[in-house]
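Asker: This is the structure, below, for whatever I ask next.
The values are calculated or read from the model by the stated rules, or taken from the named source; none is laboratory data. Note that the structure is predicted; figures quoted are calculated from it, not measured. FYI the Cβ positions are ideal-geometry reconstructions off the backbone, even for glycines, and counts take in every protein chain you see.
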Amino acid sequence: MNEYIEIRFQRKGKPFPLKRQLTGGVEFDEPDPLERTVGITFDAASPATRERMNSIRRVQGWDPGQFKLDVAVEDGALVLRGVNRHALPEGLYKIKVEIEETRTSRKFTVADVPHDGHAVVAIEVELDERDVDVDLVDCDSGIRGVLERSVIDEMAAAAWLEDGNRRPTRQACLLNLLASLRTRPTLREPLVTLVHDVYYVGNDRIYAKVDRSLVDLLQALSNDPTRPFYSEGTPRAQVHGRLLSELPEPPDVKARFTTLASFRGEGKPSMQAVVAIPPPDLPHTYAEFDLDLGNPLQDVLGFFVHMGELLDGKPTNHLDLRKVLAKARASEFLYYTVVAG
């Protein structure tokens, strides 16, 4: 037995292949590719298949609502296999796929897996084709200073923000987070003054070199009775480990950073700051900042396979987040508008 399910994606009726599998998900073969998290709903589509799945659960010792799969990118497709060659039986299965920053059908797709064979299903993907119009003419001096010191994708940050070949969601992410850092915890004493430069911008988070005093300040804010920030201790999600593994430091210095501390700001959206605890003789450290509206799928690394309906929690879309920030204190520090694709 070697049954499997091959999921191929298409866009506007044409093949839209995956390029590769990464730690945090997948990349499509597209310009300025995005590491996209993937959520998969997988269940039986017939009573006979359900009984076969229950039999596998009993043999494997899994819980009644659990069914484990291995997920990989192969030849441009997403391939679902059993955890061993006997653990995905033939049968009818229903599948939904949710991919970060795309729209896919809310209806189930049925996969008919024959004995010792495989099924191929096609999923139509709609991309977010909105753009941003950036205007830094009246940019706040604190934010401008960070931009002038920052280099992103080997480009000066201000030029990167105005480059039409860059992903608009990443550009919005940088500007949204800088606006939030400019207003937290207060307008008079904002966190942005402790940010030296931003060296990486993802779809939902940024990495920055910061003053070492940021650690003590965030701890003091979490001890404040008004609770502008909450201390979360060591972050659990593996995605935050990249802050340590990708520090822009020589190997001997990098090895001295071993611990992370997580803090979450009050309000909606909520800012999470994950800070590397610095060695005692360094004047700087590094931090990861992101904004969450709820229970983000982005904190589930790679592929998340589950039974039943799709989760409500989705990765933060920073183009959508602009509307939320426009109603908050950060509104006067948002130097862009969202343009329809």
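Asker: Report, by residue number, each residue of the stretch 264-287 that is part of a loop (DSSP other than H, G, I, E, B) and either of a type in the set (F, W, Y) or surrounded by fewer than 19 Cβ atoms within 10 Å (Cβ to Cβ) (or both).
Answerer: Answer for the stretch 264-287, where residues must be part of a loop (DSSP other than H, G, I, E, B) and either of a type in the set (F, W, Y) or surrounded by fewer than 19 Cβ atoms within 10 Å (Cβ to Cβ) (or both): E266, G267, K268, I277, P279, P280, D281, L282, P283.
Asker: When you go through (1) of a type outside the set (S, T, N, Q); (2) in contact with a helix residue (DSSP H, G or I) (Cβ under 6 Å, 6 or more places away or on another chain); (3) modelled with pLDDT of 95 or more one by one for M271, which number turns out not to apply?
Answerer: (3)
Asker: Quick test of your reading of the structure: I40 fulfils all but one of (1) at pLDDT 90 or above; (2) surrounded by 15 or more Cβ atoms within 10 Å (Cβ to Cβ); (3) of a type in the set (A, V, I, L, M, F, W, C). Name the failing condition by number.
Answerer: I40 satisfies every listed condition except (1).
Asker: Now, a different point. Which is of a type in the set (G, A, S), in a loop (DSSP other than H, G, I, E, B) and not assigned by TED's automatic domain parsing to the domain that holds N84, of G164, G142?
Answerer: G164
Asker: For the stretch 282-298, how many residues are over 20 Å from F229 (Cα atoms) and at pLDDT below 95?
Answerer: Summing the residues that are over 20 Å from F229 (Cα atoms) and at pLDDT below 95 in the stretch 282-298 gives 2.
Asker: Here is a follow-up. I need the full set of residues from the stretch 91-105 which are part of a loop (DSSP other than H, G, I, E, B) and either in contact with a Phe, Trp or Tyr (Cβ under 9 Å, 6 or more places away or on another chain) or crowded, with 18+ Cβ neighbours inside 10 Å (or both), in order please.
Answerer: Those that are part of a loop (DSSP other than H, G, I, E, B) and either in contact with a Phe, Trp or Tyr (Cβ under 9 Å, 6 or more places away or on another chain) or crowded, with 18+ Cβ neighbours inside 10 Å (or both): E100, E101, T104.
Asker: Could you count how many residues in the stretch 247-263 are surrounded by 14 or more Cβ atoms within 10 Å (Cβ to Cβ) and either within 17 Å of the chain's Cα centre (by Cα) or acidic (D, E) (or both)?
Answerer: 2
Asker: Would you confirm whether or not the stretch 165-179 contains a residue that is modelled with pLDDT under 95 and over 18 Å from the mean Cα position of the chain (by Cα)?
Answerer: The answer is yes, given that some residue of the stretch 165-179 is modelled with pLDDT under 95 and over 18 Å from the mean Cα position of the chain (by Cα).
Asker: Okay, next question. Mind telling me which of the residues A122, A159 ends up being surrounded by fewer than 16 Cβ atoms within 10 Å (Cβ to Cβ), in contact (Cβ under 8 Å) with a residue 24 or more places away in the chain and among the aliphatic types (A, V, I, L, M)?
Answerer: It is A122.
Asker: What about P235, is it in contact with a strand residue (DSSP E or B) (Cβ under 6 Å, 6 or more places away or on another chain) and at pLDDT below 95?
Answerer: Yes, satisfied.
Asker: While we're on this one: Out of all the residues in the stretch 27-77, which are among the small types (G, A, S) and within 22 Å of the chain's Cα centre (by Cα)?
Answerer: G39, A72, G76, A77
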